[in-house]
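The values are calculated or read from the model by the stated rules, or taken from the named source; none is laboratory data. No experiment lies behind these values; they were computed from the predicted model shown. With ideal geometry, Cβ positions are generated from the backbone for all residues, glycine too; neighbour counts draw on all protein chains shown. To get the accessible areas, we keep the full protein, side chains included, count just its heavy atoms, and leave off ligands, DNA and RNA. Shrake-Rupley method; radii C 1.70, N 1.55, O 1.52, S 1.80 Å.
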Amino acid sequence: MPQNTQDKNNTERIRYLESRVAELEKEILEKNRNYNKTDLGSLNFRLLTENVAVGIFQTDEHGTTTYVNPYWCKISGISYEEALGDGWLSAVHPDDRYIIASNWKKKSKEEEQSSAEYRFLKPDGTITWVTGQAIPYKNNNGEITGYIGTITDITQQKRIEEALNNNLEVEKLISVISSKFINVDLKRINNEINRAIEVIGRHINIDRSYVFLISDCRKFMSNTHEWCNKGIEPQKYILQRLPLTEFPWWIEKLSSLQTIHIDNVDYMPNEASAEKEILKAQNIKSVLVFPMIIDNELNGFLGFDSVNNFKKWEEEETLLLKLLAEIFVNALKRISTEQRIRKSEERNKAIVEALPDLFFRLDKKMVLLDCSKQYNELFYIPYEAFLGKKLNKILPPKVAKLAAEKIDKAFKTNKLQIFYYPLTIKGSERWFEARVLPAGKNEILALVRDITSIRRQQKILEQKNEELERYTYTVSHDLKSPLITVKGFATFLIEDIKNNKFDNLQKDLSRIIQAADKMSTMLEEILEISKAGQIVKAHESIPLKQIVDEVLNLLSIVIKQKNATIKVSGNLPSIIADKNRIKDVFQNLIENALKYSKEDTNPVINIGCKKQRDKTVVFVKDNGIGMKPELTEKIFGLFTKLQSNTKGTGIGLAISKRIIEAHNGKIWAESAGPGKGSAFYFYIPNVKN
């Protein structure tokens, strides 16, 4: 059943029961108005009174209690025997007892109907509010022979009235507090917070109210404001720079905008053991804490502790106290903003004065309004000569045009624009970097830095990088294949000599010499290569089938070891390219296909080409381990490998990409997923079909 339907049904039942109780009270009082004592003690009367949800009592003509029903005992908390005579007064709250007793004696003497609201104090300390009324009843001669009355439990009604009154008072207090924080300045903020938590703490009768703030580094929290009721030990000077890591449950709750509402610290969850230990060390029984969030980040919290008694906060009271936390947040946010603005202004001023840059301020018409003066030796013309003039009247035409375009774009996009330009100052060319950004709708700020020395250093760095690339290319990749061939055939040579297979010696030595020649050629090319993808030799027309056959011959040992099947299409075209570089591409692709084959499946590699629009695309496809589609671009990065446990540095595909791009071509990979093989495609413009 939906909650709202259930609540509605419960409300209707309560209303029905209340109406029935009222009817029973009226019926009992009316029917017994003229009953005599015998009638009142009759079986029917007892059956009626002992089975209704209303407290009923009976007295003699002097007002001395002679009977109470079970529900009366339930409401008062004392037994039937204890209630007889004047014993019922012992259940009345001490603060109400004298007034109720005096009023009852007076009304019974005057033989009048009486009514009153008062409290019962039960042995367990529970207070029950009741409304009671009594009327006299007479015998047949019209003489009063006693009184009969009822009491009705109105505790819930009283609690609601009390809560409403309390909430109204809290609302008024929060309204007053809110007005105090509207224009509070930084000097008064702490005093106002202290005053607010004291006023609220006293009103809700709490033992301690406080504020914690989190440090700027977001590693610690400190008790910055505290109010303690009489007899409560302050904790503010103890609770300073507490590491957030020691309160994971507490911080996680508050960071997720949750209120920490604990009626009994003893029943805190196991994951809050650290927080529970600290609370119990301060003898805290109940606690209510509200997060203070600024810019979607926990900035601190407002808390209320009950030390002497367990306290249960009502929902309405909690909501109102939450408003106080929001008032603090808004005040702190405004103060924080003002502080940031003030610090920003001071910092900006210091930065402008300390920066090794020229600072310029221009209007929308590109007129120079102001500038820094500490580096006037870098000015194109003297300071006094350009102030108040347009850029096109100061700078060379090309530079002025470039600057105007960037400034115009900065205004249109409201984004930082960066550009570079040279100027000849005192007979020497210098390079500058300019950064321009709009400052409002009508002004632009420009920071100009001399980068002449940086450009020189960049050239030196580029040379160093070129040397590093040549080394990486040589040692990490290209030398490995011929070394493997030499080692492989040297092993065959030893085996053939051992087995007296001298007929194979010529073949083994020929392969070793061929691999050694390859290594020698590569070493010579190292001296000429500027980077991996740079073309070393002049382009020549070469059939791709010839290149593929040479690569397969070079890799024959690995192919045999892998028991691989290589299928080469007969329609491979001729291309105009650097033969050795294209040969490196095929070697890298075929080696990868062999290396990343499935353990339980013999490799099958297809080499061919296809027409794609106006291009002839060459492909190398395999039935290997494949890859996730999102990795098909990443694998062309330097030192990228699909599996970390395979041999090699992962530079082969990166080199292949550079070679193809150096031929103004393109290379890419495709795969349907892990276990579904891979396909590598490339094309270069100069193809002869």
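Residue by residue, region 439-449 carries 3J(HN,Hα) couplings of 10, x, 8, 10, 10, 10, 10, 10, 10, 10, 10 Hz when phi is fed to the Karplus relation 6.51 cos²θ - 1.76 cosθ + 1.60 (θ = phi - 60°); x denotes Gly or Pro. Ordering of 564-577, 204-217 by packing is 204-217, 564-577, highest average first (other Cβ atoms within 10 Å, averaged per residue).
Compared with the direct C-alpha span, the chain from K545 to E271 gains 91.7 nm at full extension, assuming 0.36 nm per residue. Taking a straight line from the alpha carbon of K615, these lysines sit under 19 Å away, with near neighbours fewer than eight places off in the same chain left out: K545, K657, K666, K688. Length gained on full extension, E82 to L168: 26.9 nm, using 0.36 nm per residue less the C-alpha separation.
Protein heavy-atom surface of region 237-362, 1.4 angstrom probe: 51% of the accessible area is carbon and sulfur, with nucleic acids and ligands not counted.
Do the alpha carbons of any pairs in K487/K598; K74/K230; K187/K236; K562/K610; K343/K401; K158/K236 sit beyond 32 Å of each other, and which pairs?
Going by Cα-Cα distance, K74/K230; K343/K401; K158/K236 fall outside the 32 Å limit.
The label point for R342 and the one for L423, both projected 7 Å from the Cα toward the Cβ, are 3.8 nm apart. Only protein heavy atoms count here; under a 1.4 Å probe, H261 has an accessible surface of about 80 Å². Cβ-Cβ distance of A350 and D370, R₀ of 22 Å, FRET efficiency by 1/(1 + (r/R0)^6): the value works out to about 0.80.
Grab the other residues whose beta carbon is less than 12 angstrom from that of I660, score K and R as +1, D and E as -1, and report the net.
Here the charged neighbours net out to +1.
Each of Q514 and S102 was given a label point 7 Å from its Cα along the Cα-to-Cβ line. The distance between the two points is 12.7 nm.
Computed with a 1.4 Å probe over protein heavy atoms only, the accessible surface of region 102-216 comes to 55 Å² per residue. Applying a DSSP loop filter and a limit of 12 other Cβ atoms within 10 Å to the chymotrypsin sites (Phe, Trp or Tyr not before Pro) in region 392-437 leaves nothing. Placing a pseudo-label 7 Å from each Cα along the Cα-to-Cβ vector at K230 and S175 gives an inter-label distance of 3.0 nm. Relative contact order (percent) for region 539-634, with alpha-carbon contacts under 8 angstrom and 6 or more residues of separation? Relative contact order of region 539-634: 30 percent. Computed from point charges on the beta carbon alone (+1 for Lys and Arg, -1 for Asp and Glu), the dipole magnitude for region 180-329 about its Cα centre is near 480 Debye.
Can you tell me the dipole magnitude for region 542-608 around its Cα centre, using point charges on the Cβ only (Lys, Arg +1; Asp, Glu -1), in Debye to the nearest 20?
Approximately 60 debye in magnitude.
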